[in-house]
Amino acid sequence: FGQFLPDANSSVLLGKTTPDRAESVRNDHGPTVKRPPLNKQRLSQNGLPIRRPSGVATTPPAKKKSLMMGKGHGMTEFSKLSTSTETMFFEKVRKALRSSEAYDNFLRCLHIFNQEVISRTELVQLVIPFLGKFPELFTWFKNFLGYRESSLGESSHAEILPKERSTEGIAMEIDYASCKRLGSSYRALPKSYQQPKCTGRTPLCREVLNDTWVSFPSWSEDSTFVSSKKTQYEEHIYRCEDERFELDIVLENNLATIRALETVQRRLSRMSAEEQLRFRLDNTMGGSSEVIHRKAIQRIYGDKANDIIDGLKRNPAVSVPLVLKRLKMKEEEWKEAQRGFNKIWREQNEKYYLKSLDHQGINFKQNDTKVLRSKTLLNEIEMLYEDRQEQASEETATPPPSGPHMTLTYDDSQILEDAAALIIHHVKRQVGIQKEDKFKIKQIIHHFVPDLLFARRGELSDLEEEEEEEEEDMETNQDSPKKPNGLPGPSKSKLLFSNTAAQKLRGTDDAYNLFLVNNYWYVFFRLYHILCSRLLRIYGQAEKQIEQESREREWEKEVLGLKRDKNDNPAVQLKMKEPMDVDVEDYYSVFLEMVRNLLDGNMEPAQYEDSLREMFTIHAYVAFTMDKLIQSIVRQLQHLVTDDICVRVTDMYLSECANKATGGLVSTQTSRAAAEGAYQRKAEHLMTDENCFKLMFVKNRGSVSLALELLDTEEENSDEPADAEKWSDYVSRYLTSDSASPELREHLAQKPVFLPR
């Protein structure tokens, strides 16, 4: 487009230019409007550029005799000629300005006025920065000069330019924060503000034009709000729109010039030969605007435009038909090009539209890589631990508070099954994981994790795996021991979680599971929760879209009496959009299938993201890194089944299940305090070289939450084990005392006694 119309977004100098200076300049329709630097010209409230006062005026003013001193007197002689009143005035000015540099600059202004370089009016404008804030001094100074703002004669015409110059000083003095507001972008000028005069206004102009509200932009460096940066896809959309706009402007300008010259041609056709020779065109060339037609001709003829315009004015009878023919040829050429560009612009808009709406996708993908790192997840809870320790150290009288550092919620048990299916799908396709380790991972995902989260266990094997097992059993386990029913015994590891205390608590409410873990287990549960929460967000968005679609169809059926099919969308009917192959009811299941294809390498990441955006619009970004998240979870699972400490952590949990130290009903927690304390001490001893985390899975009123606490394993008090052992002995003696009947002991176990404070 830039090669096709290099000056499409350019205007041409409109003043009188010679052929060697006829060049195009950029117009005011740039993509962005930047704040001008402070040392550049700024716009006044009436839209005109405010010119800063300079030492020498643009046009030398008519020299006037100084009212203050005779010609040739310097600043050193001024004090000799001044009266006591004038001396007091300058003394007040010196004190008011405070800075000696500012006072010297003020005297320099008087000096150049005394040298008749500037006029009285320009002097008043020059001293506004010095005396504008001191009304009494400024009024005395103007009276002393004999300056009258409404005076005629000398100041009537010359004051138009100084008033324009003074607008900056006056505008800078206006406190827009206290002015009346209209939205966030407009302020009402105060009634004391002196409006610039306009002699060209008609009664209608005075009735309808705005003189009260001014634009009040918030510059980026002045605003505390950090606006989001335009993405590359937004830039593509904006560029297409700018190009369409510029080409439309070019075509409209050219068409307006054609209409104006056609009107002139019709007038010429009704004239005689002598009248045609005498006929001349003015600067508007038969139209109503000098600018539009000049631009159109200059865009076509380039450097020769001034000669063409001069020929149109002097001899329209000859030049108008020729120029009109050239303009019409260009019109057809540009319209043909516009049809080609429309196809390109449409393709770009379709390609980048959904991406341009997604402000969070790019940043999310970049940041999520850091968020999913094990180091980041560990640093997060370690910082919470250190903050609590610092707070406890400041309050020396109180011991460090205990309790979870972080609490995660699991709102939907169905999502756990979807997460497990995705994880196992990726595990089965990992050639670097041994088959026995895969079986252990499946047990963790399908049995152990659902037990901890009070959810239903998953199926351990599918049909494909059973077929593989049968083949292997036929080849490698022909001599393996047989079961009584004649079937071969299992060649894989035994079931690790065949019978746990957590499994028995699945149907109960107000219960908890306790699990003491190391770093690998902690990172796994954090990543697993992130996966479940993102799947739940996508599922929730799919449900919202189903509800919205159903509501729209119901409304159209009841109100409009229409029964709309999925391909009855207006955009689809106008062939502006391809029909969706997927019903909105199948969005979530299709999403899960796309994740599987992405993990298998059967789908490109770009295609995956585009499909997600098409289904879930701006809410799809949370699923962009789903493959990276699942891969991180699988790596952690591989550590859980191969790392020695992780295996011992799991074995310790299974052994402590028999001691009833891994959870139960919340109401009977006190009866397990000793066993849980012993379990915690064993875990801390096992994990002396790394962090020890206390995970508490709590089910209350149907909702499941995970409380994570980083335990302090570095500083151990030698009295604490002894105290805990004494407490354990006391509890055991109390519960097994002969004085307590079996009914009482059972009652106390179910409903412990709490003493009042």
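The values are calculated or read from the model by the stated rules, or taken from the named source; none is laboratory data. Since the model is a prediction, treat every value here as computed from it, not as a measurement. Cβ sites come from the backbone with ideal geometry, for glycine too, and all protein chains shown count toward neighbours.
Checked against (1) in contact with a Lys or Arg (Cβ under 8 Å, 6 or more places away or on another chain); (2) of a type outside the set (Asp, Glu); (3) within 30 Å of PRO450 (Cα to Cα); (4) in a helix (DSSP H, G or I), TRP345 passes all but a single condition, namely (3).
Going by what's in this entry, would GLU336 be described as at pLDDT 90 or above, within 20 Å of PHE245 (Cα to Cα) and part of a helix (DSSP H, G or I)?
yes
Determine whether region 351-359 contains at least one residue that is modelled with pLDDT of 90 or more, assigned to a helix (DSSP H, G or I) and crowded, with 16+ Cβ neighbours inside 10 Å. No, that holds for no residue.
The set of residues from region 245-261 being loosely packed, with under 15 Cβ neighbours inside 10 Å and either charged (D, E, K, R) or not assigned by TED's automatic domain parsing to the domain that holds GLU333 (or both) comprises ASP248, GLU252, ARG259.
Considering ARG613, ARG596, which residue is part of a helix (DSSP H, G or I), surrounded by fewer than 19 Cβ atoms within 10 Å (Cβ to Cβ) and in contact (Cβ under 8 Å) with a residue 12 or more places away in the chain? So the residue among ARG613, ARG596 that is part of a helix (DSSP H, G or I), surrounded by fewer than 19 Cβ atoms within 10 Å (Cβ to Cβ) and in contact (Cβ under 8 Å) with a residue 12 or more places away in the chain is ARG596.
Could you list, in sequence order, all residues of region 616-633 that are more than 15 Å from ASP368 (Cα to Cα) and surrounded by 21 or more Cβ atoms within 10 Å (Cβ to Cβ)? Matches in region 616-633: PHE616 only. Does region 246-258 contain any residue that is hydrophobic (A, V, I, L, M, F, W, C) and closer than 17 Å to SER319 by Cβ? Scanning region 246-258 turns up at least one residue that is hydrophobic (A, V, I, L, M, F, W, C) and closer than 17 Å to SER319 by Cβ. Please verify whether VAL291 is surrounded by 21 or more Cβ atoms within 10 Å (Cβ to Cβ) and out of contact with any His (no Cβ under 6 Å at 6 or more places or on another chain), treating the condition exactly as stated. Taking the combined requirement at face value, the residue does not satisfy it.
Listed by first and then second residue, the pairs with beta-carbon distance under 9 Å, at least 6 apart or on different chains, first residue in region 442-463 and among the polar types (S, T, N, Q), second modelled with pLDDT under 90, are GLN443/LEU460; GLN443/SER493; GLN443/LEU495; GLN443/LEU496; GLN443/PHE497; SER461/GLU469. Among the residues of region 651-689, those that are within 47 Å of the chain's Cα centre (by Cα) and on the phi > 0 side of the Ramachandran plot comprise GLY663, GLY664.
Within region 653-674, the residues that satisfy the criterion of being in a helix (DSSP H, G or I), in contact (Cβ under 8 Å) with a residue 24 or more places away in the chain and among the aliphatic types (A, V, I, L, M) are LEU654, VAL666, ALA673, ALA674.
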